[in-house]
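Inspection log for the structure reproduced underneath, given as structure tokens.
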Amino acid sequence: MSKKVIKGKVAYLTEEGKGVVKIKGKDLFVPYVLPGEFVSVEVVETRTGEVSRLLKVETPSVDRVKPPCPYFYECGGCQLQHMNYSAELSFKENYVKRLLSKFGDFSGVIGMENPWYYRNKVISTFGYDRSNRVVSGIYSESSHRLVPIDVCLIEDEVADKVIATIRKLVSDFKIRIFDEDKGRGFLRHVVIRSGHYSGEVMVTLVVSSFEFPSKNNFVKALVKKHPEVGCVVLNLNKRRSSVVLGHEERVIYGKGFIEDALCGLRFGISSRSFYQINSVQTEILYNKVIEFAGLTGEELVLDAYCGVGTIGMVVASRAKRVIGVEINADAVKDAKINARRNDISNISFVCADASDYMVGLTKEGIGVDVVLMDPPRDGSDERFLEAVLKLKPKRVVYVSCGPYALARDLEFLTRHGEYRVAQMVGVDLFPHTYHVETVVKLERQ
């Protein structure tokens with residue numbers, strides 16, 4: 001393994017927020033730098049390639065700020081805290097524009113008024129430090145090294161306080177932390193879900209066994225310190241892997257879920273429910289979906305990849321009828337409960353593959369006016385997109401958290417001239433990271 005130090009100017013940032021320094025025709029990818037900066041970089045040759053590490057910023061950018069988080073250079077959860085927030089929004093806007101400008105005008109990225117403490121779901125891994133004290137935090141980027149974290153500036157503040165209490169109770173109750181290498185121990189992770197508006201908190205203890213003799217006293221002590229905790233769940237995970245949650249659960253306190261509000265509706269959130277992690281920005285995102293859908297009250301709306309039904313229920317009051325399609329049976333069950341919880345009678349949910357379901361509608365001659373789609377980061381597959389084209393809705397509203405996949409799918413939907421992109425806007429659901437959400441409105445020509 002060899003090392004060398006080079007100096008150079010940062011040409012631009014990649015979509016993942018790493019700076020590109022060009023040296024003798026080669027691109028070095030350097031974290032924690034900004035465009036235009038002159039930097040010193042250590043380059044380490046390894047068996048798998050070169051690794052670049054920032055040594056010093058010789059000439060800082062005017063957009064550089066001191067990261068407020070003491071763990072920023074260690075944990076990897078954020079990539080952009082060294083950049084002022086206005087510049088961060090510009091960075092996100094520019095890279096989405098580069099990918100999507102061929103399809104039309106991109107209206108920019110809607111930022112967050114207070115871009116801190118926004119994550120309503122927190123996953124904390126437990127371990128021991130060198131002094132055998134209980135610590136919790138996250139694994140360093142691209143490693144299995146636990147970075148102990150007491151306070152995270154993008155996580156819900158109450159969640160961090162609950163985790164701190166759990167660390168103390170784990171020591172007080174002499175609960176053993178799970179050792180993946182040896183396959184021994186009890187507690188692996190703690191997952192906290194917080195209701196932004198309700199203030200309710202759910203605690204999920206990810207454990208290697210349901211045998212927890214002191215659970216009643218543990219829960220009593222936790223709830224006494226944090227009366228906002230309305231639910232405690234044991235999640236069983238015996239696997240020797242980095243996957244956090246297992247498939248079996250037992251509720252040991254409360255009703256098994258918490259409630260929160262979104263766009264004036266109430267939603268139940270269980271330990272494994274998909275629920276957007278930034279409630280404030282999600283309302284902005286969903287209001288853009290409503291705007292782009294252009295509903296008059298006469299439309300049949302298909303909500304593909306509907307999950308627990310949030311988007312479909314938010315638009316239901318403006319549509320004649322909404323059908324939510326989701327392949328995950330547990331999510332469909334939660335969606336039906338959420339619809340009843342909000343007395344929404346013009347929405348129904350189907351547990352099915354969305355592509356198959358749309359093809360079935362086409363064969364039956366059933367038309368859909370608007371398709372809402374919010375696929376995973378990798379986007380849709382051609383089979384799904386072909387089904388959309390065959391169904392021929394008047395409008396498609398595409399919500400994406402993966403700009404590259406979005407560009408690919410828009411190319412497919414617009415290549416034969418059947419659809420055109422009418423509007424595009426970004427919403428910053430993940431401040432201080434390189435991720436960005438995009439909403440696109442397509443119209444049939």
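Points to keep in mind about this one:
- Filtered by the rule that a residue be over 14 Å from F72 (Cα atoms) and of a type in the set (G, A, S), segment 139-165 gives S142, S143, A159, A164.
- Lone unmet requirement of (1) out of contact with any helix residue (DSSP H, G or I) (no Cβ under 7 Å at 6 or more places or on another chain); (2) more than 23 Å from S198 (Cβ to Cβ) for Y305: (1)
- All positions within segment 298-324 that are assigned to a strand (DSSP E or B) and of a type in the set (K, R): R321
- Residues within segment 190-208 that are assigned to a loop (DSSP other than H, G, I, E, B) and in contact with a strand residue (DSSP E or B) (Cβ under 7 Å, 6 or more places away or on another chain), tallied: 6
- Scanning segment 392-445 for residues that are aliphatic (A, V, I, L, M) and either under 30 Å from Y71 (Cα atoms) or free of Cβ contacts under 8 Å to residues at least 40 places away in the same chain (or both) gives A405, L413, V427, L429, V436.
Quick grid of which residues meet (1) modelled with pLDDT under 95; (2) under 20 Å from L300 (Cα atoms); (3) touching a helix residue (DSSP H, G or I) at 6+ places or on another chain (Cβ under 6 Å):
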site	(1), (2), (3)
Y398	no, yes, no
T414	no, no, no
D428	no, no, no
P431	no, no, no
V436	no, no, yes
Q445	yes, yes, no
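- Qualifying residue in segment 121-132 (condition: surrounded by 18 or more Cβ atoms within 10 Å (Cβ to Cβ), within 18 Å of the chain's Cα centre (by Cα), at pLDDT 95 or above and closer than 30 Å to L442 by Cα): no
- Number of the condition not met by Y197 [criteria: (1) modelled with pLDDT under 95; (2) over 23 Å from S270 (Cα atoms); (3) touching a Ser or Thr at 6+ places or on another chain (Cβ under 9 Å)]: (2)
- Selection within segment 253-286 - in a loop (DSSP other than H, G, I, E, B) and either in contact (Cβ under 8 Å) with a residue 60 or more places away in the chain or among the aliphatic types (A, V, I, L, M) (or both): S270, S271, S273, Y275, Q276, I277, N278
- Residue ID - surrounded by the fewest Cβ atoms within 10 Å (Cβ to Cβ), chosen from residues in segment 203-234 that are more than 16 Å from R176 (Cα to Cα) and in contact with an Asp or Glu (Cβ under 7 Å, 6 or more places away or on another chain): E228
- Any chance T48 is at pLDDT below 95, over 22 Å from the mean Cα position of the chain (by Cα) and at negative phi: yes
- Qualifying residue in segment 211-220 (condition: of a type in the set (A, V, I, L, M, F, W, C) and assigned to a loop (DSSP other than H, G, I, E, B)): yes
- Check on S136, part of a strand (DSSP E or B) and of a type in the set (S, T, Y): yes
- Qualifying residue in segment 233-256 (condition: touching a strand residue (DSSP E or B) at 6+ places or on another chain (Cβ under 6 Å) and under 30 Å from E113 (Cβ atoms)): no
- Residues satisfying the stated conditions in segment 367-387, i.e. touching a Leu at 6+ places or on another chain (Cβ under 8 Å) and either of a type in the set (A, V, I, L, M, F, W, C) or over 30 Å from F430 (Cα atoms) (or both): G367, V368, D369, V370, V371, L372, L385
The values are calculated or read from the model by the stated rules, or taken from the named source; none is laboratory data. In this text the structure is predicted, and so the values were computed from the model without any measurement. No Cβ is skipped: glycine too gets one built from the backbone with ideal geometry, and neighbour counts run over all protein chains shown.
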